[in-house]
Amino acid sequence: MITKIGLDLGYAHITLSDPTSGVSRESSIALVDKATSRILALGDAALSGVEGATGVLVRPFKNGMLYSADLTQAIVKNALEAVSGSEEVRVIVGLPSDMVPKQEKELFSMITEAGASTVLGVRRAMAALIGAGAEPTDSMISVNIGASKTDILIICEGQILLSACEPVGGEDFDLAVQEYIFSQGDVRVSLSVARAIKEKLGAVWPGKESETIDIEGTLSLTGNHIHMNIATEDILGVFESPLQKILMAIAEHVKHIPIEYVERVFKKGILLSGGGALLFGLDKMIEKVLDIPVMMAYDPINCVAKGLAKIHTMLPSRMRTNQKNITSQLAGYREAKTKNTSGK
């Protein structure tokens, strides 16, 4: 028996998925002894450990880009052991579009050493598209807005026309809120507080119901704590800079679609996914500015993980390929699977 796992590496969580039991998360964090660098706890257990004189919490990778291969391997191994039920484990890992072959090879090797028998990679934007219910043989644009990066994939009848990654994401909206509050009264708030403000009050399109949120910040001059009440109207317009970056990133790549493919790609338009896509009205703004149909994926946060799990069902049970990016082969695998199924 082969355990088939989809693996999406994020700054805060490792998201695991499989074709039958759905999606689960494990914290992508380690509690490390500051003096000896010994790992004291991993994953969710690390969050409940004792941080202080001896232990420090470390997040060793961000969006699949390794900062500490050893720690990442330990965290991935811990996560795989929690869900694996057999000796053979096939992992499909989500890859940022800007990950070069050398980095892909390092990531594949690390996951193999963590306990996987077979490791394959798929671009995150392709996985998001499939997780949202589309097919690798479709014609459309997949835009996956993560925490710090936006992955863009343009396909036409299974042919990949473009795969790109831009350094802008949901955290840029958080930073915009943080900087705005500081500019209004030298009050510092944490990024988590800024994110809470964005999630409750943030909007880039008319129609958001007016709400308020109570927060606590710190006066930069004195260090004294201060309580504030912020309303939806208070942060109108603060997202203009990151919004413009996302719009320009999409527009820049869309304009390079060869003319013979434009009509087919534009018919379905843009599929929007990722946690950063949840800002109120972002889909409507993109559609209005770029004049391209935009559809928000159902459950956009989990689209990549769900797609990675679904891709397992498109592949043969056993594969000769190992440690390889198979994004460009998915359309062929899907067509072969469909042909075999219809021929039975």
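Miscellaneous remarks
- Failed item in (1) over 19 Å from the mean Cα position of the chain (by Cα); (2) in a helix (DSSP H, G or I); (3) in contact (Cβ under 8 Å) with a residue 24 or more places away in the chain, with D174 passing the rest: (1)
- Strands (runs of 3 or more DSSP E) lying entirely in the stretch 207-286 (those with 3 or more residues that are within 23 Å of Q184 (Cα to Cα)): 212-219, 225-231
- Scope the stretch 266-302; condition within 17 Å of H13 (Cβ to Cβ) and either among the hydrophobic types (A, V, I, L, M, F, W, C) or touching a His at 6+ places or on another chain (Cβ under 7 Å) (or both); matching residues: L278, I301
- Some residue of the stretch 97-107 being over 30 Å from R318 (Cβ atoms) and surrounded by fewer than 21 Cβ atoms within 10 Å (Cβ to Cβ): yes
- Among the conditions (1) within 30 Å of A125 (Cα to Cα); (2) of a type in the set (V, I, T); (3) not in a loop (DSSP other than H, G, I, E, B), V32 misses just one, which is (1).
- The residue of the stretch 1-15 that is surrounded by the fewest Cβ atoms within 10 Å (Cβ to Cβ), among those that are hydrophobic (A, V, I, L, M, F, W, C) and farther than 19 Å from I145 by Cα, is M1.
- Flag for I270 being surrounded by 18 or more Cβ atoms within 10 Å (Cβ to Cβ), in contact (Cβ under 8 Å) with a residue 24 or more places away in the chain and of a type outside the set (D, E): yes
- Sole exception among (1) of a type in the set (A, V, I, L, M, F, W, C); (2) surrounded by fewer than 19 Cβ atoms within 10 Å (Cβ to Cβ); (3) in a strand (DSSP E or B) for I301, by number: (3)
- Counting residues in the stretch 204-217 that are touching a Leu at 6+ places or on another chain (Cβ under 9 Å), crowded, with 21+ Cβ neighbours inside 10 Å and not assigned by TED's automatic domain parsing to the domain that holds D70 gives one or more.
- Exactly one residue out of S28, S37, S24 is touching a residue at least 40 places away in the same chain (Cβ under 8 Å), polar (S, T, N, Q) and either buried (at least 20 other Cβ atoms within 10 Å of the Cβ) or out of contact with any strand residue (DSSP E or B) (no Cβ under 7 Å at 6 or more places or on another chain) (or both), and it is S28.
- Of all residues in the stretch 206-217, those satisfying the criterion of being in contact with a Lys or Arg (Cβ under 7 Å, 6 or more places away or on another chain) and modelled with pLDDT of 95 or more are E211, I213.
- Looking only at residues in the stretch 175-203 that are over 20 Å from K245 (Cβ atoms) and polar (S, T, N, Q), the one that is surrounded by the fewest Cβ atoms within 10 Å (Cβ to Cβ) is S192.
- Given (1) of a type in the set (A, V, I, L, M, F, W, C); (2) modelled with pLDDT under 95; (3) more than 30 Å from I292 (Cα to Cα), number of the condition A147 does not satisfy: (3)
- Evaluating V168 against the criteria (1) in contact (Cβ under 8 Å) with a residue 60 or more places away in the chain; (2) surrounded by fewer than 24 Cβ atoms within 10 Å (Cβ to Cβ); (3) β-branched (V, I, T); (4) farther than 25 Å from A194 by Cβ leaves one unmet condition, (4).
- Condition met for G223 (without any contact (Cβ under 8 Å) to a residue 60 or more places away in the chain and either farther than 19 Å from K149 by Cα or surrounded by fewer than 19 Cβ atoms within 10 Å (Cβ to Cβ) (or both)): yes
- Residue list for the stretch 304-328, filter: part of a loop (DSSP other than H, G, I, E, B) and in contact with a Leu (Cβ under 9 Å, 6 or more places away or on another chain): L315, M319, T321, N322, Q323, I326
The values are calculated or read from the model by the stated rules, or taken from the named source; none is laboratory data. Because the structure is a prediction, the values reported are computed rather than measured. Cβ coordinates were reconstructed from backbone atoms using ideal geometry, including for glycine residues, and neighbour counts include every protein chain displayed.
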